[in-house]
Structure formats: structure tokens, C-alpha cells
Amino acid sequence: MAILVIGSSNTDLVAHAKSLPKPGETILGGEFFVNPGGKGANQAVGAARVGKDVTFCCMTGEDDYGKAAKALFEKEGIDTSYVLSTPEAPSGVALITVDEKAENCIVVASGANLKLTPEVVDGIKDFASYDIVLAQLETPMDTIEHIGDLAKKNGVKFVLNPAPAAKLSEKLLSCIDIITPNETEAEIITGVHIDSDESALAAAKCMHDMGVGTVIITLGSRGSLVSDAKGSRFVPAFKVKAVDTTAAGDIFNGSLCVALSEGKDIDEAVRFASATASIAVTRRGAQASAPYREEVEKVLNNQ
């Protein structure tokens, strides 16, 4: 069962500090890291480490960051047939600060990611052969809508991780099979402020009313709300001490798609994804934090 991830590739420039800076404030930080990142790339690597048959489509610049990213994807066993480069923009870069509580703030300079156009996606000649296509919102919105159209026309399951948070059009929502927002993203989409189980359920209902069949709202340490035709239920998180939450959502989404592609039902898939993300938050970095299959199986077997 093959998975196609379409999205962003960035290089993360990460500084650790005691606290996140306020507007106009300069603070002294601690450790500094340069890590491969980008939501699309994180999800592709996260999926590849716990599964197989993962293809990634992205745009990089013709620079050292782009060349290093492609080499890393190949090392992870990802099909890089559609990892393309452009001379018109530099590779994407994310500036990340992580505090002592493992919270983070991120500024992304998109660069070549904005060159991932509908025409680039049309170049994926074997689109209909994939079982699942996973996308995020760090590339142009018209490209995301085009991916949704293609998925619907070709009978490919479309999973959208609506991050960074943004309003979604009715056209896009009608194409989504599974949507995976966190609390902030769900509020932007629905207008429902999530501060309780009841409000999470209300937000999920709103997304169903907008045309989405399956809604998974990730609630951090409280776990996830799963809502579909069978009803709504909460899947608890695995209890760990978080060190860095930078790519936890991306790792969750990549492993969720792997579990679904293997025929697991949605509740099993969310539990598998939660176990994977629980390992990721105990490690620093984005792609570097993604665990391998045997590590996830060990966590699941110990519960």
C-alpha cells in the first residue's frame, strides 16, 4: 500500500532558550542545531521509518540545503522521483526557538516551497496508483485544493493536516477524507474555541457539517478526539516527559497514514500514531526525532 506525501521541505535552525522571547526582546540562548525539517518532509520521513513505499513530492532550491535534503530522503528509503529543485528561489528555512517546557515558536521563510504549484503536482504521472495522499499547508493553497481534486477524481484517500492554521474553502473541505487539526487549527477552521471535551466535540461536528467524513483533533497530552460515521470517542495519549514538541504532529500524521495503509481501523491507527509521536517528543529535532518501527512496537507491546 503506497503513500504519497506532498508538501514542504525546510532546513530548521533551532535555538534552545529558557523562555520564548517577547516582541522586541533579545534573550541569550543555549544549544543551537541545524536540522532537516518542513512539515511535508517530516511526515515523509516519519512514515518511512515506520512503514515502506513512501513517495515525497516537494520543491527545493538549487543550493546546499536542497541537495542535503534530497540525499537524506534517499537515505531514508523514500522515493524521491518528485523531489524537484528550482533556480528561482532558495530552499525553505524555519527559525525555531524551543524553551525549557518544550514549547516552541517558529517562523518559516518558505522559499522554494511556494514554487510547488498545481502544474508540479500534475507531473506525478502515477497519482492514481497511491492508496493515500497526505498534505499540509506550508505550500500554496491552490496547490492543496488541486491535490484534493485529484485525490477525489482518482479515488485516492486524502488526508489533510491543516497546519499551519488557516481557513479552508468549501471546495477543499469537500475533498478531504480525514482531517487532523490540533486545537488551534480546529478553532480557525470552525470558529469553535476548544477548552473542553464538549467544545472539541462541537468543533468536530462543524467539520462534519462542512463535508469532512473523519475528524481527528489532536489534544496534546490529553490524546486525540476521533469522530466519524461510527460516532465520537477519545483516544488517550501515552504518558512521557516531553523534551521538544517541534515535529510531533508531523510524526503523528506520517505514522497515521502508514497504519491506515496497512489496513488498521481508524482507532488502531490513531493509537499507533500516538505511540509514535510519544517517542518523538522525548527527542530533539524534527526528522531526527522520528522513531523506527521496532521502537513503536515496543511501546505498544508494553501498554
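List of remarks:
- The set of residues in region 250-303 being hydrophobic (A, V, I, L, M, F, W, C) and farther than 22 Å from P162 by Cα consists of I279, A288, V296, V299, L300.
- The lone exception for N35 - which of (1) in contact with a helix residue (DSSP H, G or I) (Cβ under 7 Å, 6 or more places away or on another chain); (2) assigned to a loop (DSSP other than H, G, I, E, B); (3) surrounded by fewer than 24 Cβ atoms within 10 Å (Cβ to Cβ) it fails: (2)
- Test: A71 is without any contact (Cβ under 8 Å) to a residue 60 or more places away in the chain, more than 14 Å from A135 (Cα to Cα) and among the aliphatic types (A, V, I, L, M): yes
- Test: residue in region 102-112 that is within 20 Å of the chain's Cα centre (by Cα), on the phi > 0 side of the Ramachandran plot and surrounded by fewer than 19 Cβ atoms within 10 Å (Cβ to Cβ): yes
- Residue match in region 274-290 (condition: in contact (Cβ under 8 Å) with a residue 12 or more places away in the chain, part of a helix (DSSP H, G or I), of a type in the set (A, V, I, L, M, F, W, C) and more than 20 Å from N182 (Cα to Cα)): yes
- For region 203-235, the set of residues classified as farther than 26 Å from V133 by Cβ and without any contact (Cβ under 8 Å) to a residue 12 or more places away in the chain consists of G231 only.
- Subset of region 204-237 [farther than 19 Å from L160 by Cα, under 18 Å from the mean Cα position of the chain (by Cα) and surrounded by 18 or more Cβ atoms within 10 Å (Cβ to Cβ)]: A237
- Selection from region 238-250 of residues that are part of a loop (DSSP other than H, G, I, E, B) and buried (at least 19 other Cβ atoms within 10 Å of the Cβ): D244, T246, A247
- In summary, helices (runs of 4 or more DSSP H) completely within region 94-179 and bearing 3 or more residues that are among the aliphatic types (A, V, I, L, M) and farther than 18 Å from A41 by Cβ occur at 141-154.
- Among all positions in region 9-30, there is at least one residue which is in a loop (DSSP other than H, G, I, E, B), in contact with a Pro (Cβ under 9 Å, 6 or more places away or on another chain), touching a residue at least 24 places away in the same chain (Cβ under 8 Å) and buried (at least 19 other Cβ atoms within 10 Å of the Cβ).
- Region 84-93 - residue that is of a type in the set (A, V, I, L, M, F, W, C) and part of a strand (DSSP E or B) and, of those, surrounded by the fewest Cβ atoms within 10 Å (Cβ to Cβ): L84
- Residue in region 42-50 that is within 19 Å of D12 (Cα to Cα) and not in a helix (DSSP H, G or I) present: no
- Checked against (1) assigned to a loop (DSSP other than H, G, I, E, B); (2) crowded, with 18+ Cβ neighbours inside 10 Å, F73 passes all but a single condition, namely (1).
- So S199, is it more than 27 Å from A286 (Cβ to Cβ) and part of a strand (DSSP E or B): no
- Look at (1) small (G, A, S); (2) out of contact with any Ser or Thr (no Cβ under 6 Å at 6 or more places or on another chain); (3) closer than 22 Å to F73 by Cα and you find that G223 fails only one, number (3).
- Only listed residue being in contact with a Phe, Trp or Tyr (Cβ under 9 Å, 6 or more places away or on another chain), in contact (Cβ under 8 Å) with a residue 60 or more places away in the chain and not charged (D, E, K, R), chosen from V108, V120: V120
- Only listed residue being more than 25 Å from N10 (Cβ to Cβ) and touching a residue at least 60 places away in the same chain (Cβ under 8 Å), chosen from F252, F238: F238
Read-outs throughout are calculated quantities, based only on the coordinates presented, and are distinct from any laboratory measurement. All values reported here derive from a predicted model rather than from experimental measurement. Reconstructed Cβ throughout: ideal geometry from the backbone, glycine too, with neighbour counts over all protein chains shown.
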